[in-house]
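The values are calculated or read from the model by the stated rules, or taken from the named source; none is laboratory data. What you see is a predicted model, and the numbers here were worked out from it, not measured in a lab. Quick reminder, even Gly has a Cβ in these numbers, built from the backbone with ideal geometry, and neighbours come from all protein chains shown.
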Amino acid sequence: MKLVSVIIITKNQSRFLKKCINSIVVQSYKNIEVIIVDDNSSDNTKEIIESNKSNKIRYFLSERKLGLAGLRNFGVLKSKGDYIFFTDSDCLATKNWIEEGMELFLKYDYAGLEGKTIPEHQNFGISDHFVENYTGGTYQTCNMAYKKEILIGCDLFNEKYDLAYEDIDLALRIKKKNTIFFASNMIILHQIVPWNIKSIIMNARRAKYKVILVKEHNYREILKFNVLEINSLIQLIFPFLLLFYFRIKSLRDLYFLPIFFIRALLHRLIVWRTAITEKILIF
């Protein structure tokens, strides 16, 4: 049975991390190691990890600021497995997540697998954040797996993408010569995370990396990911459409409507500023 390395990077996510770890260590596929790379958390992340007595867990504390790509690369270089499965600390793996992936890896010559990601539950509003991917083609590292030799062969994640989109950049580079297959039975549940002002601003700041992604890869290929979020431009021009675009379920959701308008404005300003710097035409 091939050894599988599961890599989780985390920072101040202790309220979600315990459930995430528990979902990994009980996988039906038993020959695994769980590599947790802690980006110098200031909460009780270390205590949460050490409270789990599984001998599958390997914990690493990064005291240097590596960024998302650097942290994932750190995990890959520490791994011992032939296959690398990625997920995030706010995710829950279904019991057969790794087994479903390994059956495909061993049967077919896939370089990578992209799994299905769905919300943990349906009781959410616009003030909640989660990731979903029902049909593939988004390549988000909350649910991706690769042969380790493929990752090493393409020089791992590009550490220029230190805040976002390192996962899409990696997948597009791998896809030039290899196959990444969408595995619909490889399922991750994404925990519902409430938005706050800090996370909304951080989300808008990631717009810079979307422009760089467009410049470095085929423009039509990038448009499939909606990475430039044309909907944010529409919301900026017609702010009243926010009432129809989002599901309003609570007073908290109404409170967040003007905040999302400000986010759309900040997003477009960052896109346009970066486009000017990178000398690329983007609306």
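A few comments on the model shown:
- Flag if E50 is over 20 Å from K147 (Cα atoms), free of Cβ contacts under 8 Å to residues at least 24 places away in the same chain and more than 19 Å from the chain's Cα centre (by Cα): yes
- Annotation note: of I168, I150, the sole residue that is in a helix (DSSP H, G or I), of a type in the set (V, I, T) and free of Cβ contacts under 8 Å to residues at least 40 places away in the same chain is I150.
- Filter result for Y29 (part of a loop (DSSP other than H, G, I, E, B) and of a type in the set (F, W, Y)): yes
- Residue check for I197: at pLDDT below 90, hydrophobic (A, V, I, L, M, F, W, C), under 17 Å from R268 (Cα atoms) and more than 17 Å from the chain's Cα centre (by Cα): no
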